[in-house]
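Read the structure below first, then the notes.
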Amino acid sequence: MNVSKRFLQLLLATALAGLYFLALPVAQADPANDLTGMIPTGYSSDSCKTVDPPASRAVATVDCFNNSDPGGAAAARYSLYQNTADVAYGFQSSTGDDQLVNCPGQDTSPGTWHYKNAPDQTAGQVACGIYQGKNEVMWTNDQKLFLGTAQGTDLNALYSWWENSARA
């Protein structure tokens, strides 16, 4: 009987310890950190700031300024979403505010884009436009649940920058 009592005490202690660990908070991924890893290169460490609250339906949004790469964005907003429906909503919202124009070398805007090394696989949508007198390139990466909107003075240079940074 003494062995049984000891066994029950050990069993109860093990069960309680398991419940304790189940009750501990689980570390959540930081969407802003995930988003920062998707932003094109060319920004200095202090040129991007987290937006709080994020864009509508986004889990994280970052505003960046003065990309130093050739043709890089003077201003940009990048957002991360939870699902493809929300990415599509963000893209529609962004393009809906613009006077759309065809992207350099493209027949339609908005259209789809692909990585250079996977020409048969659609990676997302892309559109070019003019918003409050500024040229914009807007794109999604559907796999990463990402939306980028970049502004610059020269649409050809901005689009070339996007092709070299997003489509690589």
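All of the numbers you see were taken from the coordinates with simple rules; none came from a lab. Since this is a predicted model, take the numbers as computed values, not measurements. Methodologically, a virtual Cβ is constructed for each residue, glycine included, from the backbone with ideal geometry; neighbour enumeration extends over all protein chains shown.
With the cut-off at 1.5 for a/c, could you classify segment 31-166 from its C-alpha gyration tensor as rounded, prolate or oblate?
rounded
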>> Using alpha carbons only, how many angstrom separate the centre of segment 95-168 from the centre of segment 28-50?
In response: 19 Å
>> Take residue 38 and residue 134, extend 7 Å from each Cα along the Cα→Cβ direction, and tell me the distance between the two endpoints in nm.
In response: 2.1 nm
> Among 56, 94, which comes first, second and so on when ranked by fewest other beta-carbon atoms within 10 Å?
Replying inline: 56, 94
>> Using a Cα-Cα cut-off of under 17 Å, which aspartates and glutamates could be cross-linked to residue 49, ignoring same-chain neighbours fewer than 8 residues away?
In response: 30, 34, 63
